[in-house]
1. Taking the options B:32, B:11, name whichever one is in the same structural domain as residue B:391 (by TED's automatic domain parsing) and outside any loop (DSSP other than H, G, I, E, B).
2. From the set of residues in region A:99-113 that are part of a helix (DSSP H, G or I) and of a type in the set (D, E, K, R), which is nearest to residue A:179 (Cα to Cα)?
3. Residue A:34 - would you say it is in a loop (DSSP other than H, G, I, E, B) and out of contact with any Phe, Trp or Tyr (no Cβ under 6 Å at 6 or more places or on another chain)?
4. Under the condition of being facing chain A (nearest Cβ under 7 Å) and either assigned to a helix (DSSP H, G or I) or of a type in the set (Asp, Glu) (or both), which residue from region B:484-513 is nearest to residue A:98 (Cα to Cα)?
5. Across region A:83-108, what is the number of residues that are of a type outside the set (Ser, Thr, Tyr), within 13 Å of chain B (Cβ to nearest Cβ) and over 17 Å from residue A:161 (Cα atoms)?
6. Do you know which residues across region A:128-151 are assigned to a loop (DSSP other than H, G, I, E, B), within 17 Å of residue B:104 (Cα to Cα) and not hydroxyl-bearing (Ser, Thr, Tyr)?
7. Among the residues of region B:97-119 satisfying the criterion of being under 17 Å from residue B:132 (Cα atoms) and hydroxyl-bearing (Ser, Thr, Tyr), which is nearest to the other protein chains (Cβ to nearest Cβ)?
Amino acid sequence: MSDVQKKTFVVTRFDPDRDQVPKTQSYEVPVEPDWKVLDALNFIKDHIDPTLSHRWSCRMAVCGSCGMLVNGEPKLTCKVALSSYGDTVEVAPLPNFPVIRDLVVELDGFMEKFEHVKPWIIRAKERAVEDGPMRQSPEELEEFKHFSMCINCMLCYAACPVVANEPEFLGPAAIALGHRYSLDSRDEGAGERNRIFRGEGTVFACSYANECSEVCPKNVDPAAAVNQAKLKAVIDWAAGLVLPRRAEE
Amino acid sequence: MTEVLRHDVVIVGGGAAGLRAAIAAVEADPGISVALVSKVYPMRSHTVSAEGGAAAVARDDDSFEMHGYDTVKGSDFLGDQDVIQYFVEQAPPELTRLEHWGCPWSRNADGTVATRAFGGMTTKRTWYAADKVGFHMLHTLFQHSMRFDRIVRYDEQFVTKLLVEDGAVRGVAALDIRQGEVRAILGRAVILATGGAGKCFPFTTNGNIKTGDGMALAYREGVALKDMEFVQYHPTGLPGTGILITEATRGEGGRLFNARGERFLETKPEYGVGSKLELGPRDMISRAIFQEIRAGNGIQGTFGEYVHLDLTHLGRELLEKRLPFVLELARTYAGVDPVTQPIPIRPVVHYMMGGVDTDIDGATELAGLYAVGECAAHSMNGANRLGSNSLTECLVFGARAGRHAVGHAKDSGDGSEDPLRRQVEEEAARIDGLRGRAKGSEKLTQVRDEMTQAMESGCGVYREQASMRSATETLAQLRRRCADVALEDRSRVFNTEIVAALELVNMIDVAETVAVAALQRRESRGAHACSEFPGRNDREFLHHSLVYYEPAGPRFDKKDVALGRWEPEERKY
């Protein structure tokens, strides 16, 4: 290509087999004008240093694998253009997660949080397949649709100041997902999830920082989900006081 | 000491087909224990990238007969008709199950599920959730699967070998990518659900993980790969990246134009799409675009020539509602806004019609081994798959294979563990020897690039005898050179270089079967367009292709097509 430009990538490296602490390594990469940050990492892997470890797959901002810290901000590296950065680009693993190696972080803790919110349709009586699809109006779909767009890229956990202090905090994506199911007209599990959300380290631990929604690459707005979930958990609890029949325990 | 884990059913792959199989297995018998082994976290599986929809009869003006006929005709009469009949009948209940599990299907005003038009389908039967259908189906299945404690996940575990003893599969050897250990995951039935092999080609819609792993695992244990010559080029990928722009764009009314502003599918009847125009089948539209470019009617761009997909007449409101992902992709990856500008597109490798040879239950000729989804050929897609049939296929045959695998597991004994343990120890030693293998004169990326180039020049949209032959020769050489690739990464922890090296061997095995099968088929049918033999030849080639692994080189064989309901006829639209 004509206007080949070079950029320096300062990449955080860590191999638990040999390193006590993470270090950085610089790579000079000839970049194409249309490249995303991920393209440069793949160039390093393919042509400069095959020992660099990072996750990626779809390269179209939907599989959620390639979240990293780019110049200090959580980014989906396949979506963010290199042209928005200067001559030096720093790439590090997402903060607030244990690092496995180089740019790869540990997700098992998140997977547990994810499962904790019961992210599935809960019904007192399951509908038979023979009864066909349930009806759901476009308006009912609209109620929860954008909260169902989360790709689990973890940028919101990396940005969340509460997660930074309390790693056990249920966190934005998991709360948004639980809330998504509670808002679904086909679901009857809001009561169960409200009880989960009234537990320690869940919705009320949120400090309204809104960082999660700012970094979300899919405009899911998890901060709105957390706020709505808080309100629902409170109303549900208050209703339980007024109507003892529905009170828990 | 090698760790040995034991389950009843082992599923390799956590995309739509694998997850559906897992759920069906535990539903068939709540006491059954299922291992779901994936080289990525399941929500990263490539199902996530499917956009346009999933087909199932839903409207009063539709019927199983029509869906069946469309699929048979789309397959250029190479699909097995009993399999297709079962598929169309099971499609509506399967999509209904997904609805009950929370899939956010788009809706009509009355609350019923909305359907859209798709290529080669006579009526609107493609269910959709805007244009992120694969994403929503995958997440719905994955989240629903979490209800079942008996589905035990092994995330980021790369299966490198099937464990076979006494003529039956008994489990898998899996490399734990995070720890570097190889362990045995035993099961009395194994279901392969690893998806396609688009990364055998340089220009593909497929994600980085689509390296034909399951196909290669089965092939190396003596199971045939079937109909591998049929590689689907999707007509509309973004130049450069190959990112998919869904067929739903045309289902919603999108049009294709060449550099002269000519709607070539309308002005040139020789492309064979008739009044379907942009909703013709994928093989025909990809060839039409290719010919336009070859005739000098393409538009010159940084990444070669392309044509235009125009959506501007559809209006912002419809695009934002039905095709929001297309807007995001075109703006982010092509720098154009489809509301006001046409999208540059060109045909791109998308899907393997072929795969592991199975029967209607997903069972292979190796006892206990099943295959489902894109890695399998049941065969319902024949020589050309219709868009939106494959997501449904993952559900219909995933569920069926899941149930049958449970039946098989219950009827089979555990046998002795010792020979399996030995196999895994050998496999662990092999992988240890590979890790950081500094000696070797070949570069992994170089061999990989040469493989993809050979596939593009030999097995592209149009194929010639000489280039196919040369591809088979190149691939045979690359297989040998692959054994001499130098690896630098010595770490046991998250060593992606060794995974890439193992994937490369898988891709070369699969690529070789594509080239070998293509060379044998001296006719043009579906996605296989052979320049020297431009017509379909039912007298000699109305059969499935089988390729078997032999140490000396692939062995070719054939198999009858199940006909009986729809007679082969000229494929005209």
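The values are calculated or read from the model by the stated rules, or taken from the named source; none is laboratory data. Note that the structure is predicted; figures quoted are calculated from it, not measured. With ideal geometry, Cβ positions are generated from the backbone for all residues, glycine too; neighbour counts draw on all protein chains shown.
1. B:11
2. A:113
3. Yes.
4. Applying the filter and picking the extreme gives B:496.
5. Total meeting the criteria: 10.
6. Hits for region A:128-151 are A:132, A:133, A:134, A:135, A:136, A:149, A:150, A:151.
7. B:106
One line per residue, one yes/no per condition, for (1) in contact with a Phe, Trp or Tyr (Cβ under 9 Å, 6 or more places away or on another chain); (2) within 28 Å of residue A:225 (Cβ to Cβ); (3) in a loop (DSSP other than H, G, I, E, B):
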site: A:78; (1), (2), (3): yes, yes, yes
site: A:91; (1), (2), (3): yes, no, no
site: A:97; (1), (2), (3): yes, yes, yes
site: A:115; (1), (2), (3): no, yes, no
